[in-house]
Structure formats: C-alpha cells, structure tokens
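The values are calculated or read from the model by the stated rules, or taken from the named source; none is laboratory data. All values derive from a computational prediction rather than experimental measurement. No Cβ is skipped: glycine too gets one built from the backbone with ideal geometry, and neighbour counts run over all protein chains shown.
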Amino acid sequence: MPYPVTIAVEPALTQRNRLTTAFRAILAIPHVILVGGAGLGFAYSNNQQASAGAEGGLIGVVAVFLTVVSWFTIVFAGTQIAGIRQMIVFYLRWRVRALAYLMLLEDAYPPFGDGRYPATLSVTDPAGPRRRLSVAFRIFLAIPHMIVLTLVLFAWYCTTVIAWFSILFTGRYPRAFYDFGVGVLRWRLRFDAYLLLLVDDYPPFSLQ
C-alpha cells in the first residue's frame, strides 16, 4: 500500500534561473520565517513546545500547539478535530512548496499560503480508528527517523552545495543530485506528517 502522504515535484533540471539560485537563501527568508527551513523540523523540549525560526517557522509553532491538542483528543477520544487537521495540512502544503524552492528543486517563487505550484503534497485521511497507543508514544517512535534524517540531511547539504555551483556555471541541476533532493524532501515531509499526528502508518526509511 502507498504511504498516505504523497509529495509530487515537477522536474526542473535544465534552463535554471541562475540569478535567483545565487540568492536563493535570501529570497526564501520570508517563507523560512513562516514555515521553517530544511533542517530537522521541530526541536521539542520537555513541554513539547517547538522552537521558532529556521526549525518549524512561526506557523509551525502553531501547528505544534495544535498537535498537542490533537494528542489529547486522539489518545482520550480517538478523534482529531477536523479544523485542526485542516490547519496542519495547510501548513504542510505551504511548507512543501517553500522547501522545494529553498532546496533549489524549483525556480518559481512559492505563493504565501495555498496556490498553484510545481511541488504539491496530499494527505489521505486514516481509513479506520486512530491508533491511540501509537499516538501516545509518537515522539519516542519518531526518534529513529530523527537520527537517520540528520545524516540524510547532512548528505543533502553537501550535494546541494555542488548543485548550487553547477546551476550557476552551467544552468543545470545534476540529475542524480536532483533525484536525491526530491527523495529527501519526500522523506522529510512524511516524517513531519507522522510527527504532527496526521497519519498513523510508520513512515518508511526511503527516498522513494
């Protein structure tokens, strides 16, 4: 069965915009402030509050607060409030577009909020009752992904530096590095959706 979180990115390998690529980290700042950067998403403290800034962004802080509310409603009532779920999905849809731009996967400037973009995310609602035990211990179950993703993201940083120079000098994003970046984006967003309690299926350790 396919994972209930789907990320699609339209390939952009040639005829890249060298000027916006050169200043991508600066151009992406407004989105990074709002929905976070490409680091390991949320830094939870003992009271499960997320750090702002480049981790989850300001809207990410709201999403984490709503996730804490969802934790209680799912564990004790077996349901997630529809409005909360919609807000968190909205945040991730915005986040996938911002990350695709920041990660040099696309050149078009992402919209603020919802809007058409060549990078999309969709989340399938759970088919049956929520797995309360999985939700109760979600932060602990997510630890293996946190560890592996730290290593994967480090590898992505290295390949992206090479890709950045490649785009500046040749106008092309090397295919192998591009596919790796898209895979990292998929893995990153599946992890986000799992940690934010949108899905109960354990995310695969995969770039596919």
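Summary of computed values
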item: Pairs, first farther than 10 Å from Ser134 by Cβ in the range 194-205, second among the small types (Gly, Ala, Ser) and assigned to a loop (DSSP other than H, G, I, E, B), C-beta under 8 Å, six or more apart; result: Leu195/Gly41; Leu195/Ala142
item: In the range 97-142, the residues that are of a type in the set (Ser, Thr, Tyr) and closer than 21 Å to Pro2 by Cβ; result: Thr120, Ser122, Thr124, Ser134
item: Test: residue in the range 150-171 that is part of a loop (DSSP other than H, G, I, E, B) and under 23 Å from Ala8 (Cα atoms); result: yes
item: Options Pro144, Pro204, Pro174; residue that is surrounded by fewer than 19 Cβ atoms within 10 Å (Cβ to Cβ) and either closer than 23 Å to Trp94 by Cα or touching an Asp or Glu at 6+ places or on another chain (Cβ under 9 Å) (or both); result: Pro204
item: Test result for Ser166, among the polar types (S, T, N, Q) and loosely packed, with under 12 Cβ neighbours inside 10 Å; result: no
item: Output for the range 30-45, where each listed residue is surrounded by 18 or more Cβ atoms within 10 Å (Cβ to Cβ) and modelled with pLDDT under 85; result: Ala38, Gly41, Phe42
item: Test for Arg132: is it in contact (Cβ under 8 Å) with a residue 24 or more places away in the chain, surrounded by fewer than 18 Cβ atoms within 10 Å (Cβ to Cβ), farther than 18 Å from Ser70 by Cβ and among the charged types (D, E, K, R); result: no
item: Matching residues in the range 172-186 - criterion: being touching a residue at least 40 places away in the same chain (Cβ under 8 Å) and assigned to a helix (DSSP H, G or I); result: Arg175, Tyr178, Gly181, Val182, Val184, Leu185, Arg186
item: Those residues of the range 1-29 which are within 25 Å of Gln208 (Cβ to Cβ), at pLDDT 85 or above and either part of a loop (DSSP other than H, G, I, E, B) or of a type in the set (Gly, Ala, Ser) (or both), in sequence order; result: Pro2, Tyr3, Pro4, Ala8, Glu10, Pro11, Ala12, Leu13, Thr14, Arg16
item: Flag if Ala127 is assigned to a loop (DSSP other than H, G, I, E, B) and free of Cβ contacts under 8 Å to residues at least 24 places away in the same chain; result: yes
item: Conditions (1) in a helix (DSSP H, G or I); (2) at pLDDT 95 or above; (3) of a type in the set (A, V, I, L, M, F, W, C): number failed by Ile139; result: (2)
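Yes/no matrix, rows are residues, columns are (1) within 16 Å of the chain's Cα centre (by Cα); (2) at pLDDT below 95; (3) buried (at least 17 other Cβ atoms within 10 Å of the Cβ); (4) within 23 Å of Gly181 (Cβ to Cβ):
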{"position": "Thr79", "(1), (2), (3), (4)": "no, yes, no, no"}
{"position": "Ile88", "(1), (2), (3), (4)": "yes, no, yes, no"}
{"position": "Tyr91", "(1), (2), (3), (4)": "yes, no, yes, yes"}
{"position": "Ala98", "(1), (2), (3), (4)": "yes, no, yes, yes"}
{"position": "Glu106", "(1), (2), (3), (4)": "yes, no, yes, yes"}
{"position": "Pro110", "(1), (2), (3), (4)": "yes, no, yes, yes"}
{"position": "Asp114", "(1), (2), (3), (4)": "yes, yes, no, no"}
{"position": "Tyr117", "(1), (2), (3), (4)": "yes, no, yes, yes"}
{"position": "Thr120", "(1), (2), (3), (4)": "yes, no, no, yes"}
